[in-house]
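First up is the structure itself, then whatever we jot down about it.
The values are calculated or read from the model by the stated rules, or taken from the named source; none is laboratory data. Model, not experiment: these values are computed from the prediction. Cβ coordinates were reconstructed from backbone atoms using ideal geometry, including for glycine residues, and neighbour counts include every protein chain displayed.
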Ligand code: PMP
């Protein structure tokens, strides 16, 4: 038993002990990563004694879109997934930032054939305490990976399936072995796609630029949040267009963004400093704005879903 593990998980309609949240080794989900999933962050607001899930609705919409593309049906509705997720967080009595994973998987196929179409599907929910990455503060050094990003005509990155993360693992592990914090993957055209688990945004001449989904990036919810907050709070626009490798070398600022990464400054690429090689001002401003909106549920936007009916510890 992992000492860090929370007490409960949720599997196919039941709250179960963490260690009992298991799939059979020969299920298609466990064997070939035949699943679709979402990772959602919960932000702990200590002053209000409240935990808030950020953009849960949008994550559930993306899960539905992934399910459609892999032709998966689930015996659970979105509102059941949401209610069970909230109850799971309450049962585990989290009073920290959390990462909730919602995983819909294909179970064993006929004759245990891992490739056979099957209507046997399942769902598991797990949430863990997830402190912010140290790279949020100090920034990250990235390399351009020798691995190319998967593409829509082979393994569509738009479908958020576990199997896609083999590509991410190859790139991330290579980067770590070579002394970097993370990697950026190019697509088959040689322009930048994204990181192993987050999208890239660069700041050039006062404009935010990010590769479009057609460059091989996931349609990021965090990028969409940044787009809206940058427009409303900083009067800055975000443009989706292809980005060349050497264009990034010359950017004023750059950051990775994703549910887990949040907004993470990129301080160098291929050992070339971005700007002056320090987390830069627009990135820092966006971090602060994002944190306030996500943690305190501010901004008048229907993005935050409170977990506790009363302040935690008092109810
Ligand atoms: N790309 C990949 C490969 C990811 O796994 C993630 C994290 N979900 C992202 C980008 C960022 O997406 P989001 O902002 O929706 O979390």
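For this structure, a couple of remarks:
- Verdict on residue 74 being surrounded by fewer than 20 Cβ atoms within 10 Å (Cβ to Cβ), without any contact (Cβ under 8 Å) to a residue 60 or more places away in the chain, more than 21 Å from the chain's Cα centre (by Cα) and assigned by TED's automatic domain parsing to the domain that holds residue 12: yes
- Filter result for residue 224 (closer than 21 Å to residue 158 by Cα, surrounded by fewer than 21 Cβ atoms within 10 Å (Cβ to Cβ) and either under 17 Å from the mean Cα position of the chain (by Cα) or not assigned by TED's automatic domain parsing to the domain that holds residue 145 (or both)): yes
- For segment 163-174, the count of residues that are in contact with a helix residue (DSSP H, G or I) (Cβ under 8 Å, 6 or more places away or on another chain), crowded, with 20+ Cβ neighbours inside 10 Å, modelled with pLDDT of 95 or more and within 27 Å of residue 283 (Cβ to Cβ) is zero.
This table checks each residue for (1) out of contact with any strand residue (DSSP E or B) (no Cβ under 6 Å at 6 or more places or on another chain); (2) within 11 Å of the ligand (Cβ to nearest atom); (3) not assigned by TED's automatic domain parsing to the domain that holds residue 273.
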| residue | (1), (2), (3) |
| --- | --- |
| 167 | yes, yes, no |
| 178 | yes, no, no |
| 182 | no, no, no |
| 185 | no, yes, no |
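- Tally, over segment 27-57, of residues that are surrounded by fewer than 16 Cβ atoms within 10 Å (Cβ to Cβ) and in a helix (DSSP H, G or I): 2
- Flag not set for residue 87, criterion: more than 16 Å from the ligand (Cβ to nearest atom), at pLDDT 95 or above and in contact with a strand residue (DSSP E or B) (Cβ under 7 Å, 6 or more places away or on another chain).
- Count - residues of segment 7-21 that are in a loop (DSSP other than H, G, I, E, B) and within 20 Å of residue 161 (Cβ to Cβ): 2
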